[in-house]
Amino acid sequence: MTCQFELSNETAWCPGCGNHMIRTALKQALEELGLEPHEVVICSGIGQAAKMPHYIKVNGFNGLHGRALPPAVGIKLANKNLKVIVESGDGDTYGEGGNHFIHTIRRNIDIAHFVHDNQVYGLTKGQASPTTAMGQKTTLQLDGVKVSPLNPLVLALSLGAGFVARGFAGDIPHLVELMKSAITYRGYALVDILQPCVVWNRVNTFAWYKNRVYHLPEDYDYTDKEQAFKKAMEFGDRIPIGIIYKVEKETYEDQFDFIKNGPPLVDLELNPKDAEKLMENFM
Amino acid sequence: MDYSVLVGGEAGQGMDTSAHLLALILKRSGFHVFTRSDYMSRIRGGHNFIQIRFSEKPLYTFSEKVDVIFALNEETIKLHAGRLKPNGVVIADEKTGGDEGILHLPLARTAKELGNSRVANTAGLGAILKYFGLPLEIAENAVIKILGKELSDVNIKALRAGYEMIEPKYNLKVREDEHVLINGNQAVGLGAIAAGCKFYCGYPMTPSTGILTFMASHANEMKIVVDQVEDEVAALNMALGASYAGVRAMTGSSGGGFALMVEALSLAGMIEVPVVLINVQRPGPATGFPTRTEQGDLRFMIHAGHGEFPRMVIALRDPEDAFYQTARAFNIAEKYQVPVLLMSDQHLADSMTTKKPFDFGRIKIERHIAGEEDIAGESYRRYKFTESGVSPRILPGKIPGQVVLVDSDEHDEEGHITESDEIRRKMVNKRLRKFELLKKEVEEPWLIGREKPENLVICWGSTYGAVREAVERLNEEGASVGALVFGDIWPFPTKKLLEEARFAKKIIDVEQNATGQLESLIREQALLQATHKILKYDGRPFSGEEVYLRLKEVL
């Protein structure tokens with residue numbers, strides 16, 4: 001069966017890049033959720049990961065570097081019926097877009113956020129990203145990175161995110177399930193996806209990840225926030241993947257009564273005369 | 001008749017409320033009103049004042065001279081004594097210092113006796129009404145509207161007590177009230193709501209915050225998402241997302257905030273998603289004068305954004321113009337899939353003036369959104385090459401099987417990234433063809449005063465009011481003066497300018513900035529040059545008198 005999300009485009013991704021695997025997982029997740037291309041929007045910024053809307057048949061908003069989240073928020077508020085997914089890299093999301101990342105988590109709007117985290121800048125050729133390890137030498141940080149890395153999962157948890165997960169591009173079946181959970185979760189869902197960069201990151205290679213990642217055990221209680229912090233901080237010889245934290249929270253859009261109990265904003269009839277009554281305020 | 005009252009004091013003394021109340025009472029008494037707010041960037045202390053001018057004739061500007069100074073502190077008397085007309089009066093509380101001749105009234109004492117020290121100002125308003133010989137009934141209803149039912153009893157008592165404190169000097173007759181009292185920020189918000197704006201986001205920044213506040217106060221009633229966002233970068237990107245998904249979206253800020261939106265303005269040009277934004281200008285550079293006025297961003301608005309793309313820039317001239325032009329901006333944005341940039345400033349934003357109630361029947365909503373029938377049988381191409389340059393716009397999620405892809409990279413017709421030189425040329429041309437269409441939408445400037453005058457004044461935006469009064473006065477005195485007041489700024493309309501300039505011996509540029517930005521535009525676009533420039537860049541607005549006097553110097 002051909003996947004309805006398939007696009008015949010050649011990609012600009014390097015052979016062996018984790019982005020291919022993430023795309024495979026994403027298409028499968030959308031297919032298994034029974035969604036149709038017109039029901040889904042992918043927002044992205046700029047970078048190799050951010051080219052995703054060009055390689056999968058759904059609606060796409062390929063915006064500016066670091067600015068993938070704000071349009072996604074606007075889209076979801078305008079049309080609550082759209083499934084909104086954000087795909088971008090670690091530099092785009094945690095660097096240039098850091099402020100939007102923080103405040104979109106606080107908003108808890110219903111979007112799924114898949115960060116392709118290869119711990120390096122790809123498209124600009126090998127500079128350190130906010131998740132590159134301290135001391136790691138890059139094409140720009142010739143003596144090694146001098147600033148400590150950002151831990152996106154801990155940051156998200158501390159900001160009150162209701163869905164925090166980590167995936168690995170090299171474990172597609174597991175990633176598909178994570179993506180499905182994130183897309184169906186009502187609220188902001190972060191999935192930080194570990195992904196090898198075969199050209200620019202010679203430290204965090206496929207083998208490096210493969211030897212470290214392990215599935216969270218079946219009996220892991222993802223509603224325990226203290227435990228979640230511990231798992232989110234585990235990033236060394238062993239790296240847990242799976243849903244680290246998940247609880248129900250009221251979404252941002254549901255706090256607008258006219259969105260929650262009305263049609264999507266985009267479907268409202270517009271009539272200038274409706275506003276005429278406001279003139280009375282100035283009488 | 002033409003009177004002015006100045007209310008002055010420290011921030012936090014309740015002057016805004018008192019001045020608003022007085023303005024409303026005067027409006028409801030049938031007068032034309034124009035207010036001017038002068039306030040500092042602080043919450044307590046300092047010195048703020050509001051001038052309330054009223055007349056039987058329409059007013060377009062404030063007056064330098066005042067008939068009454070209502071001084072909430074002694075500093076007000078010192079600072080503004082020079083503004084008082086020879087037969088004017090200063091009203092102040094008995095404990096306020098100052099020279100003899102000041103009408104010292106027991107305002108605070110009365111308020112204390114009434115059990116609420118905050119109603120002293122209202123007692124002062126009562127005295128002012130009596131001074132002009134105006135009745136109390138209208139005032140009492142206005143108190144209920146402005147201060148709410150809970151506080152109205154004690155304030156009405158204060159009003160009555162103040163009314164008994166003095167003898168009338170004038171005996172003004174109440175007229176029929178046919179107006180609304182509205183400021184520029186409110187009029188912009190009202191225009192946006194009338195146009196069906198369903199998404200307004202922004203980051204608080206004086207003097208644009210009033211729009212955000214106005215929208216928020218009607219958000220639930222009118223089903224509008226009003227969002228205070230993390231920064232102005234997010235604001236425009238978010239508005240573009242909402243617009244892409246199909247709702248009419250707007251954002252606003254002042255110059256510094258607009259500077260942060262510039263990256264996304266370029267995005268709007270590239271992805272051809274309609275959006276309306278407003279810059280309520282204040283003096284820059286940088287933080288500048290946060291609470292004061294200037295027209296320093298004209299060139300910035302025209303040129304902001306990397307790369308070349310079409311846009312429309314419209315300057316707002318008064319609240320009525322602000323209402324209709326804001327509504328018009330949404331239609332133009334959607335018709336041509338371009339950003340439309342509105343320009344206001346602190347003086348327009350905060351000045352309340354009386355206008356005939358706006359005609360909502362005049363507002364037309366034209367969405368220009370394509371349906372399934374428009375793309376029948378085709379796989380949708382968001383950037384399909386067309387003769388006009390405008391590609392049919394469908395909304396994501398609305399047509400099964402069709403997807404909408406917008407891209408900040410140079411893209412092909414479907415919206416996919418391209419590196420093709422041929423597609424690049426075609427896409428640039430497609431986008432720029434829309435600018436040719438915008439030129440046909442452009443409205444010529446308003447002409448006030450004489451047609452084909454010997455002395456042609458050019459100005460734009462909120463200087464309209466002061467220029468209008470000055471020009472009318474000069475013509476009454478026998479001069480030959482006409483003024484072109486530009487609203488549409490970009491594309492720049494030249495037709496009327498060229499017609500009027502042919503007969504002018506002098507062309508006088510009046511602008512609220514230091515470099516004469518409109519004049520430079522006229523040189524560039526119409527190959528004309530002003531013979532004189534009257535520029536003001538001290539953060540304070542032109543009054544009609546100031547423009548009159550400075551024009552007189554050069555005529």
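Where a number appears in this text, it was derived from the coordinates with a stated rule and is not lab data. Computed from a predicted model, the values in this text were never measured in an experiment. Positions of Cβ are generated from backbone atoms using ideal geometry, with glycine treated the same way; all protein chains shown enter the neighbour counts.
Legend: mean number of C-beta atoms from other chains within 10 angstrom of residue C-beta atoms, peptide B:358-367, equals 3.
Counts of other chain beta carbons within 10 angstrom of each beta carbon in peptide A:223-236 average 0. The dipole here belongs to the protein assembly as shown: it is taken about the Cα centre, uses +1 on the Cβ of Lys and Arg and -1 on the Cβ of Asp and Glu, and is about 800 debye. Counting only residues at least eight positions apart within a chain, or on another chain, the aspartates and glutamates with an alpha carbon under 14 Å from that of B:LYS173 are B:ASP2, B:GLU56, B:GLU137.
Taking the DSSP bridge list for region B:446-554 and keeping only pairs wholly inside it, about 20 percent are antiparallel.
By the count of other C-beta atoms within 10 Å, a proxy for reagent exposure, B:ARG160, A:ARG107 are ordered fewest to most as B:ARG160, A:ARG107.
Placing +1 on each Lys and Arg Cβ and -1 on each Asp and Glu Cβ, with no other charges, gives chain A a dipole about its Cα centre of roughly 840 debye.
Exposure proxy ranking for B:MET427, B:MET40, based on other Cβ atoms within 10 angstrom of each Cβ and starting from the fewest, stands as B:MET40, B:MET427.
Compared with the dominant principal axis of the Cα atoms in chain B, helix B:184-194 is inclined by about 50°. Note on A:LYS225: lysines with a C-alpha under 24 Å away, same-chain residues under 8 apart excluded, are A:LYS180, A:LYS246, A:LYS249.
Among bridges DSSP assigns within the protein assembly as shown, what percent are antiparallel (round to 5)? Each step should come with its number before you reach the end.
Working: 32 of 112 bridges.
Here the share of antiparallel DSSP bridges comes out near 30 percent.
Considering helices alone, the calculated mean residue ellipticity of the protein assembly as shown at 222 nm is -10500 deg cm²/dmol, with DSSP H runs of length four and up weighted by -39500 (n - 2.57) and normalised per residue.
Place a +1 charge on the Cβ of each Lys and Arg in region B:372-441 and a -1 charge on the Cβ of each Asp and Glu, then give the dipole magnitude about the Cα centre in debye, rounded to the nearest 20. My answer is approximately 400 debye.
Peptides A:232-243, A:109-120, B:373-384 ranked from most to least packed give A:109-120, A:232-243, B:373-384, packing being the mean of other C-beta atoms within 10 angstrom over each peptide's residues. Work out the charge dipole of region B:372-441 with +1 on the Cβ of Lys and Arg and -1 on the Cβ of Asp and Glu about the Cα centre, then indicate which of B:PRO396, B:TYR383, B:PHE435 is farthest towards its positive end. Result: B:PHE435. For region B:2-178, the share of DSSP beta bridges that are antiparallel, to the nearest 5, is 55%. The distance separating the Cα centre of region B:479-517 from that of region A:190-215 comes to 64 Å.
With distances taken between every two different alpha-carbon atoms, region B:182-362 has a Kirkwood hydrodynamic radius of 15.6 Å. When the protein assembly as shown is described by a simple charge dipole with +1 on each Lys and Arg Cβ and -1 on each Asp and Glu Cβ, the residue from B:ASN513, B:SER253, A:ASN271 located farthest towards its positive end is B:ASN513.
If you take the square roots of the eigenvalues of the alpha-carbon gyration tensor of region B:48-144 and sort them as a ≥ b ≥ c, do you get rounded (a/c under 1.5), prolate (a/b over b/c) or oblate?
Working: a/c = 1.95, a/b = 1.12, b/c = 1.74.
Oblate, because a/c is 1.5 or more while a/b does not exceed b/c.
Largest mean-square fluctuation among A:LEU155, A:LEU178, A:LEU190, in a Gaussian network model of chain A whose springs join Cα atoms under 10 Å apart, belongs to A:LEU155.
Think of the protein assembly as shown as a dipole: +1 on every Lys or Arg Cβ, -1 on every Asp or Glu Cβ, centred on the Cα centre; then among A:PHE61, B:ASN48, B:PRO339, B:ASN48 lies furthest on the positive end. Computed packing ranks the peptides B:171-184, B:122-135 as B:122-135, B:171-184, most packed first, by mean other Cβ atoms within 10 Å.
Return the average number of partner chain Cβ atoms within 10 angstrom of each residue Cβ along peptide B:258-265.
Rounded to a whole number, the mean comes out at 1.
The packing ranking, built from the mean of other Cβ atoms within 10 Å per residue, places the peptides A:18-28, B:96-106, A:75-85, B:248-258 in the order B:248-258, A:75-85, A:18-28, B:96-106, highest first.
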